[in-house]
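Asker: The structure follows.
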Amino acid sequence: MGKTYANKLYQLCEWILRLAYLNLLWVLFTLSGLILFGLFPATTAAFAVTRKWVNGEQDSSVFRTFVSSFKMEFWKSQVLGFLFVCTGFVLYLYVVFFNSQSSIISTGLKTFTIILSVVYLMTLVFIFPVFVHYKMSFYEYIKNTLFVSMLNPIASIFSLSGLLLMGVIMVKFPGLIPFFSISGPVLWITINTQKAFKKIEAKRVNVESTVLSD
């Protein structure tokens, strides 16, 4: 019994150190790109690391995986990231504008924009996980991210709820921010999205098996 608790404590400490180290790498590489040009490649690299962790590759080199992904996806992640930032900003402006109007048409448009914003948030949860999980063209990333997020609303809801909870915890305990503010949410999103990917792949295999048997 004592060894079991000791092993669990060791594993917990190991995960804490991993997350803190990943958070440090994200900060350093984001700063290396003057924040603006380092943010999206560093975030992509963090998802590449947590994807390996969730898929059982905990012994792989965190630094090597991070640096490799940062370099390889530097420009593509910039375009993808800025596209989603601009989309989010435009949706925000539309919500603010329609909220200031009182006509029936404006109310309808505001409702429609809010629905689009919800879809946007659900898609945002999946964009980086899809980016590091699949290799495809830029257009296919957008299309498949939207498709996957619509097929897995529960994963999006779980991810967003977890992010909200983590945000509350960080506000109450700001000392955690330097160690887990990015790595914690990234790991949580990866856990939920990897489950969704496995379900999709299992369904695809079943469909292919059915077609072949027919």
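Asker: Normalising by the residue count of the chain, find the relative contact order in percent from Cα pairs under 8 Å and 6+ residues apart.
Answerer: Values: 169 pairs, mean separation 53.0, N = 214.
Rounded, it is 25 percent for the chain.
Asker: With a cut-off of at most 16 other beta carbons within 10 Å, and DSSP calling the residue loop, which trypsin sites (Lys or Arg not before Pro) in the range 107-210 qualify? Please list them. Mind showing how you got there, number by number?
Answerer: Details: sites: Lys110, Lys135, Lys143, Lys172, Lys195, Lys198, Lys199, Lys203, Arg204; in loops: Lys135.
Within the range 107-210, the qualifying trypsin sites (Lys or Arg not before Pro) (loop, at most 16 other Cβ atoms within 10 Å) are Lys135.
Asker: Rounded to the nearest 20 Debye, what is the dipole magnitude of the range 3-152 about its Cα centre when Lys and Arg each give +1 and Asp and Glu each give -1 at the C-beta? Intermediate values should be presented prior to the final figure.
Answerer: Working: 11 positive and 5 negative charges, 37 e Å.
Using Cβ point charges on Lys, Arg, Asp and Glu, the range 3-152 gives about 180 debye.
Asker: Provide the per-residue ³J(HN,Hα) series for the range 40-49, in order, calculated from phi with Karplus coefficients 6.51, -1.76, 1.60 and θ = phi - 60°, each as a whole number of Hz, with x at glycine and proline positions.
Answerer: The phi angles translate into 6, x, 5, 5, 4, 5, 5, 5, 5, 5 Hz.
Asker: Taking the dipole about the Cα centre of the chain, with the C-beta of Lys and Arg at +1 and of Asp and Glu at -1, give me whichever of Leu176, Thr65, Val119 is farthest to the positive side.
Answerer: Value computed over the given set: Leu176.
Asker: Mean residue ellipticity at 222 nm from the helices of the chain, using -39,500 (n - 2.57) per DSSP H segment of n ≥ 4 over the full residue count, to the nearest 500 deg cm²/dmol? Write down the numbers at each step before the final one.
Answerer: On the way: 9 runs with 183 residues, N = 214.
Roughly -29500 deg cm²/dmol at 222 nm, from the helical runs in the chain.
Asker: Output ³J(HN,Hα) for the range 189-205: one whole-Hz value per residue in order, computed from phi by the Karplus curve 6.51 cos²θ - 1.76 cosθ + 1.60 with θ = phi - 60°, and x for Gly and Pro.
Answerer: Result, ordered by residue: 5, 4, 4, 5, 6, 5, 4, 5, 4, 5, 5, 5, 5, 5, 5, 4, 5 Hz.
Asker: Mind running the shape call on the range 33-115? Use the C-alpha gyration tensor, a ≥ b ≥ c as the square roots of the eigenvalues: rounded below 1.5 for a/c, prolate if a/b tops b/c, oblate otherwise.
Answerer: Details: a/c = 5.04, a/b = 2.63, b/c = 1.92.
Prolate.
Asker: Under the Karplus relation 6.51 cos²θ - 1.76 cosθ + 1.60, θ = phi - 60°, what is the ordered set of whole-Hz ³J(HN,Hα) values for the range 158-170, x standing for Gly and Pro?
Answerer: My calculation for the range 158-170 gives 4, 5, 5, 5, x, 5, 4, 5, 5, x, 4, 5, 5 Hz in order.
Only the coordinates and a few stated rules stand behind these numbers; no lab work does. Please read all numbers here as calculations on a predicted model, not as lab measurements. All Cβ positions, glycine included, derive from the backbone under ideal geometry; neighbour counts span all protein chains shown.
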